[in-house]
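I have placed the structure first, in the form of structure tokens, so that the comments after it can refer back to it.
The values are calculated or read from the model by the stated rules, or taken from the named source; none is laboratory data. No experiment lies behind these values; they were computed from the predicted model shown. Methodologically, a virtual Cβ is constructed for each residue, glycine included, from the backbone with ideal geometry; neighbour enumeration extends over all protein chains shown. Protein only, heavy atoms only, side chains kept; ligands, DNA and RNA dropped before computing areas. Shrake-Rupley method; radii C 1.70, N 1.55, O 1.52, S 1.80 Å.
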Amino acid sequence: QMRRVAHISRILNDQGIIVICSFIASEEHLRQQLKEIIGNERFHLIFMDADLDYCRANKPELYEKAEQGLLQYLPGVDEVYEKPENAQLCFKPMAMTENIALTMNYLQQHKIFPLD
């Protein structure tokens, strides 16, 4: 499914549309595949540095299903999650104002938005 979304993202980018996607890409090779599909110059990796406790509190029903054996391959529970080492931005989940400021600065510095 991530590959499909990446292909749609590329098509939308080709039309001049900025696309923001949120994935749990647990391994570096998956992130590299997405980057290759979207394009190296268009792919910007942003890492939400949320620990497992935060994730459990944010989506308790998801983690309850995993603990009951109703859901498999959940990163951090029964699948490894490799933190990206080359993220362009790293966010903290409880620092919304800071995350927005970082994003806007990044978009302006890289001449992504707003366009001059």
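Do we have any residue at all in segment 37-55 that's in a helix (DSSP H, G or I), of a type in the set (A, V, I, L, M), open to solvent by less than 70 Å² (accessible area, probe 1.4 Å) and at pLDDT 95 or above?
Filtering segment 37-55 for residues in a helix (DSSP H, G or I) gives 37-38, 52-55.
Going one step further and asking which of them are of a type in the set (A, V, I, L, M), we end up with 37-38, 52.
Checking the rest, the ones that are also open to solvent by less than 70 Å² (accessible area, probe 1.4 Å) come to 37-38, 52.
Checking the rest, the ones that are also at pLDDT 95 or above come to 37-38.
Checked against the condition, which is being in a helix (DSSP H, G or I), of a type in the set (A, V, I, L, M), open to solvent by less than 70 Å² (accessible area, probe 1.4 Å) and at pLDDT 95 or above, segment 37-55 yields at least one hit.
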Quiz item: Could we say that A66 is small (G, A, S), out of contact with any strand residue (DSSP E or B) (no Cβ under 8 Å at 6 or more places or on another chain) and over 30 Å from K111 (Cβ atoms) here?
Solution: yes
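Suppose we filter segment 65-75 for residues that are open to solvent by 100 Å² or more (accessible area, probe 1.4 Å) and either under 16 Å from I24 (Cβ atoms) or assigned to a helix (DSSP H, G or I) (or both); how many remain? Show your work before the answer.
Step one: of segment 65-75, the residues open to solvent by 100 Å² or more (accessible area, probe 1.4 Å) are 65, 67-68, 70, 72-73.
Applying the additional criterion that residues be either under 16 Å from I24 (Cβ atoms) or assigned to a helix (DSSP H, G or I) (or both) yields 65, 67, 72-73.
The number of residues fulfilling the criteria is 4.
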Quiz item: Which members of segment 76-116 meet the condition of being open to solvent by less than 80 Å² (accessible area, probe 1.4 Å), charged (D, E, K, R) and either within 15 Å of the chain's Cα centre (by Cα) or more than 27 Å from H29 (Cβ to Cβ) (or both)?
Solution: E82
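Can you find a residue in segment 22-36 that is part of a helix (DSSP H, G or I), over 18 Å from E82 (Cβ atoms) and at pLDDT 95 or above? If you could, list the steps in order and put the result at the bottom.
Within segment 22-36, the first condition is being part of a helix (DSSP H, G or I), and the residues that meet it are 28-36.
Narrowing further to those that are over 18 Å from E82 (Cβ atoms): none.
No, segment 22-36 has no match at all.
Looking at N13, N58, N86, can you tell me which residue is of a type outside the set (A, V, I, L, M, F, W, C), in contact with a Lys or Arg (Cβ under 7 Å, 6 or more places away or on another chain) and closer than 29 Å to F113 by Cβ? Give the derivation first.
On the way: N58 fails: in contact with a Lys or Arg (Cβ under 7 Å, 6 or more places away or on another chain); N86 fails: in contact with a Lys or Arg (Cβ under 7 Å, 6 or more places away or on another chain).
Exactly one of N13, N58, N86 is of a type outside the set (A, V, I, L, M, F, W, C), in contact with a Lys or Arg (Cβ under 7 Å, 6 or more places away or on another chain) and closer than 29 Å to F113 by Cβ, namely N13.
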Quiz item: Can you find even one residue in segment 19-32 that is more than 23 Å from A6 (Cβ to Cβ) and open to solvent by 60 Å² or more (accessible area, probe 1.4 Å)?
Solution: no
Self-check item: Close pairs (7 angstrom Cβ cut-off, 6 or more residues apart or separate chains): in contact (Cβ under 8 Å) with a residue 40 or more places away in the chain in segment 31-57, assigned to a helix (DSSP H, G or I) anywhere
Solution: L45/R31
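With E61, E67, E41, E36 as the choices, which residue is closer than 15 Å to M2 by Cα and out of contact with any Ser or Thr (no Cβ under 6 Å at 6 or more places or on another chain)? Write out each step before concluding.
Values: E61 fails: closer than 15 Å to M2 by Cα; E67 fails: closer than 15 Å to M2 by Cα; E41 fails: closer than 15 Å to M2 by Cα.
After applying the criteria, what remains is E36.
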